[in-house]
1. Among rounded, prolate and oblate, which fits the range B:127-266 when a ≥ b ≥ c are the square roots of the eigenvalues of its C-alpha gyration tensor, a/c under 1.5 means rounded, and a/b larger than b/c means prolate?
2. Using a 1.4 angstrom probe on the protein heavy atoms only, could you order B:Lys334, A:Lys99 from most to least accessible area?
3. Can you pull the mean other chain C-beta count within 10 Å for peptide B:61-68?
4. Top to bottom by accessible area (1.4 Å), largest first, where do A:Leu226, A:Leu32, B:Leu311 land?
5. Obtain the radius of gyration and the Kirkwood radius of the range A:17-173 from its C-alpha atoms and give Rg over Rh.
6. Need the full-extension length gain, A:Lys74 to A:Arg114, defined as separation in residues times 0.36 nm minus the C-alpha distance. One decimal, nm.
7. Who wins for biggest fluctuation among A:Glu136, A:Glu170, A:Glu75 in a Gaussian network model of chain A, springs between alpha carbons below 10 Å?
8. At 20 °C and 1.002 mPa s, grab the translational diffusion coefficient of the range A:46-123 from Stokes-Einstein with a Kirkwood Rh over Cα pairs, rounded to a whole number in µm² per second.
Amino acid sequence: MTEARKPRLGVFKFASCDGCQLSILDCEDELLAITGAVDIGDFREASSAVLEGPYDLSLVEGSVTTAHDAQRIKEIRAQSKALVTIGACATAGGIQALKNFGNVDEYRRVVYARPEYIESLATSTAIADHVPVDFELRGCPISKVQLLEALSAFLQGRAPNLPNESVCIECKRRGTVCVLVAHGTPCLGPVTQAGCGAICPAFNRGCYGCFGPQGTPNTASLTAELKTLGMAPPAVQRLFRTFNANAPAFKAASEAAVAEAKAP
Amino acid sequence: MDTLKVGDRRVLERHDFPSLFRALQAKGYQVVGPTVRDGAIVYDQLSGVDDLPVGWTDRQEAGKYRLERRKDEALFGYTVGPFSWKKFLYPSHERLWTASRDGPSFVITPEPVDGPPLAFLGMRACELAGVSVQDRVFMGGPYVDPGYAARRRKVLRIAVQCGQAGGTCFCVSMGTGPGVQEGADLIVTEVLEGKRHYFLVQVGSSEGAAVLSDVPLKAAAPDDPAKADAIVSRAAASMGRALDTDGIHDLLLKNLEHPRWEIVARRCLSCTNCTMVCPTCFCSNQEEVPDLAVEKVERWRRWDSCFNLGLTEMHGQAVRKTNLSRYRQWLTHKLASWHDQFGTSGCVGCGRCITWCPVGIDLTEEVAAIRTVPPAPATSEGKK
């Protein structure tokens, strides 16, 4: 049993800030258990030692923003028995997906001294838009607890127990007073997936949706409520356009706000 | 000190109220009750009178809750906050047992249920009713929940009768309040009369009487019971909501295709808040949480909700996929099929689900709509 080959883990980066990879290294107490359970084949944020594929499990961080990356993710998928995306970039396109709503050529000209050096797609897209994904870990960054659960589930051959319920249930479980109802603070908690432990409302801040849409998000109803709290359509648009701006439910909500702002 | 019997009434002056805390603490109770935190009155551990929401009240309407100062220094001059006593008896997340490998087999170690006995100070009539409903759920059938039962048996219930109702209260409709009917060890009515501030205390059980043996009390005046009744009547007359429960079981269960469900489903966020704040909702999920090496596995129970897709997931698919089906499940269970299951309504009229719904969905309004608006016959027939 102990002589059996350990599963080989790959950790790959696309367009991202590396924060989700750091969440793996942040598993300080559990790191030894992780390295005891898997051979780390490729994890350049942690080590320059590289083992060849194929990989039993690949964790993919970041979104696809270049033609090169669109090809590279296909190669990684081909080398991976299971592929799990980690974080808002890989799962929804990330904050950089804001470019999907603008004109990339304009940005390029304004930002870069030599725009002709920049090769970039017009969009930032989720890994699942390019290859089949076995499981998606949400968050900006991901939750260490959820990561360990996903790793355990993979190693044990079971489905991860990470429900797509709302952030509200985490507020209530931990005893946080609802910032929307009791303070009138705009909060995306009702339409956002749980997993963070409802950190922001616990500090009297509204949820800003970094875990993306919950299982059945009713953004239209929440938007109506946000308006009664005094938010104008452009503010609603900005609220939905952060780390998960390109997640379909949030994208639709921000576009509805744009349409309303333009309406006579 | 005379020996108090069940039903006896005495007066506790405001300046002697700290002695009630001392008496409870001396008897080994951990006092939990109302306190102001983060803009709301929540239930938490209390060390003394100063922790109570002195001079605070709450203003509640559908989807909105605000604290406000009172003109007096009432200790219990508010209605109910977001969290019921449920969280103490049925914790939101609880490890039930741990299993460890033992050679080719494994050993299961149940989680001990310990902690001091709790004194619930400031239970409202609707909340006593809420605990009574959960008692039936967790202890009423052949399978008693050991953790709930162990905690529940040690609780001392000090009820405070309401002197005012909140904007979303409807206990009168549900027959649960605002006067305390049964199930309390002590029944307290707060009286504010000009400069005099005192509490009329009625003994509800021998445990309640035992606590009072070390508390300085005065004889009640002949008109004190009538004063308490008047205070309760004032609350009863100021209910913010009403729910017509006449024939409600059949009304809801015979209108499963009523167009109103679609209307409310468009507003429902499926966020679970109504079920989380409800003092009777009891759904949970149980999951095994193994460590990476699979040497140890823990079984955890967490509050779950009929508004979560996962609650009805079987073979990878949720049975109740739509907001409509989930809201309808919640309301019909709460107000109708709960009677079939537990012999009582699942609603005690506390109004929390109305106040703490982020979009202010009001079950009294929904029931009224189903009652008054006949279903469109064509739609109803068409779906059959």
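The values are calculated or read from the model by the stated rules, or taken from the named source; none is laboratory data. Keep in mind the model is a prediction, meaning the values are calculated, not measured. Quick reminder, even Gly has a Cβ in these numbers, built from the backbone with ideal geometry, and neighbours come from all protein chains shown. In case anyone asks, the SASA skips ligands and DNA or RNA and just uses the protein heavy atoms, side chains included. Shrake-Rupley method; radii C 1.70, N 1.55, O 1.52, S 1.80 Å.
1. oblate
2. Sorted descending by solvent-accessible area, the residues read A:Lys99, B:Lys334.
3. 3
4. So, going from the largest accessible area down, we get A:Leu32, B:Leu311, A:Leu226.
5. Ratio of gyration radius to Kirkwood radius: 1.01.
6. Contour length minus Cα-Cα distance gives 11.4 nm.
7. Comparing A:Glu136, A:Glu170, A:Glu75 in the GNM, the peak value goes to A:Glu75.
8. Values: Rh = 14.4 Å.
In µm²/s, the coefficient is 149.
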